[in-house]
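Undergrad: Please find one structure pasted underneath; my questions will follow.
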């Protein structure tokens, strides 16, 4: 399942012998030695999208074999030249900053943003008419109301933040659901929030170790869905972290999915990967012969869940990926071990020679690949990129500021949803 990270080396050796006799210069042979460069399945640039979202620039196929070019080294003649004055070097003009190539038109986008707080930058994206999802930790009624005023069709997810993860030992899920409803309903039923927020999350990235814990979590989710729905508030259930939960535990979560299906709720998942967004999908694995086809262990993991578990059980409910992007905290991956958000992978990507004009431009190419994959599955509402106005401690994930224009341009060339 896990991929091995390979690298390639070119070896070049040049030998040039210069002999002088009777003012005759003899140039001896110059040889070199090549070693074929092995393709790095992990490094490969943007995989060919199976949907219509185009790639910004053509890239070499990841399995190509590089051929080193001859390198000749010329040595000066053995002589005693007359001393000459050292010329004053002419300063070179500064290298101009390359201009990013605009994204060409493509199909409707399913990309959105995770917003940590009220920030006017989100409205720049909303005005394109193509932002699919806004996941927000800020549920001020004026803020969420303005989001819907700018784009009535954007899907808004909110999370009640002061909610610690449960300890499943001696935990009563029904009582916990009642307590959660008592906390949330006075907030969620405020008229402006009720009109603007499409669904509410509960626990953030709960971790279940076994079937018993998953069953308890499912009971909590099913009950809180029912209690909120009685007041006209919809829920999104699960909110599991990247690579979670273990696939074999999904049947124990079916009661929560059945309740969501009954009351018009949603499934929420997080999908991250690193050092590239496609790592863990298809052939981009640590294991040299691993291949997951059009599925993945981190990103595109949702396809494993729907195909193997939800579809056979008749529980295909709408999916919203409430967090997505590059995250170095995923385990057992190649790349710089201390890197976290996309900003900290810039030097690594440059070293891999996959960056065209800017680091964020290459990140946007990865997100365009992911967007094209999401478009293939009708049950996917969209995915919120983490993060715009990032919470404290998560600044290396920030996509706002100078970079936002690239994302804005990408959205602007996709037709309205």
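The values are calculated or read from the model by the stated rules, or taken from the named source; none is laboratory data. For clarity, every value in this text was computed on a predicted model and none was experimentally measured. Cβ atoms come from the backbone with ideal geometry, glycine included; neighbour counts cover every protein chain shown.
Undergrad: Quick one: which of 302, 309 is in a helix (DSSP H, G or I), out of contact with any strand residue (DSSP E or B) (no Cβ under 6 Å at 6 or more places or on another chain) and in contact (Cβ under 8 Å) with a residue 40 or more places away in the chain?
TA: Exactly one residue qualifies, and that residue is 309.
Undergrad: Restricting to segment 147-175, and then to whatever is assigned to a helix (DSSP H, G or I) and farther than 15 Å from residue 197 by Cα, can you tell me which residue is nearest to the chain's Cα centre (by Cα)?
TA: Per the stated criteria, the residue is 173.
Undergrad: Still on this structure, I have one more. Tally up the residues in segment 374-401 that are part of a helix (DSSP H, G or I) and either in contact with a strand residue (DSSP E or B) (Cβ under 6 Å, 6 or more places away or on another chain) or at pLDDT below 95 (or both), please.
TA: Selection size over segment 374-401: 2.
Undergrad: Identify, by number, the condition in (1) out of contact with any helix residue (DSSP H, G or I) (no Cβ under 9 Å at 6 or more places or on another chain); (2) in contact (Cβ under 8 Å) with a residue 12 or more places away in the chain; (3) in a loop (DSSP other than H, G, I, E, B) that residue 337 doesn't meet.
TA: Condition not satisfied by residue 337: (2).
Undergrad: Within segment 236-253, can one find any residue that is at pLDDT 95 or above, crowded, with 21+ Cβ neighbours inside 10 Å, closer than 17 Å to residue 334 by Cα and out of contact with any helix residue (DSSP H, G or I) (no Cβ under 7 Å at 6 or more places or on another chain)?
TA: yes
Undergrad: Moving on. Would you please list the contacts, defined by Cβ atoms under 8 Å and residues six or more apart or on different chains, that run from a residue in segment 95-122 that is on the phi < 0 side of the Ramachandran plot and in a loop (DSSP other than H, G, I, E, B) to a residue that is modelled with pLDDT of 95 or more and exposed (fewer than 14 other Cβ atoms within 10 Å of the Cβ)?
TA: Pairs that qualify, where the first residue is on the phi < 0 side of the Ramachandran plot and in a loop (DSSP other than H, G, I, E, B) and the partner is modelled with pLDDT of 95 or more and exposed (fewer than 14 other Cβ atoms within 10 Å of the Cβ), are 118/140.
Undergrad: Among the residues of segment 279-294, are any in contact with a helix residue (DSSP H, G or I) (Cβ under 8 Å, 6 or more places away or on another chain), part of a helix (DSSP H, G or I) and either in contact (Cβ under 8 Å) with a residue 40 or more places away in the chain or closer than 21 Å to residue 383 by Cα (or both)?
TA: no
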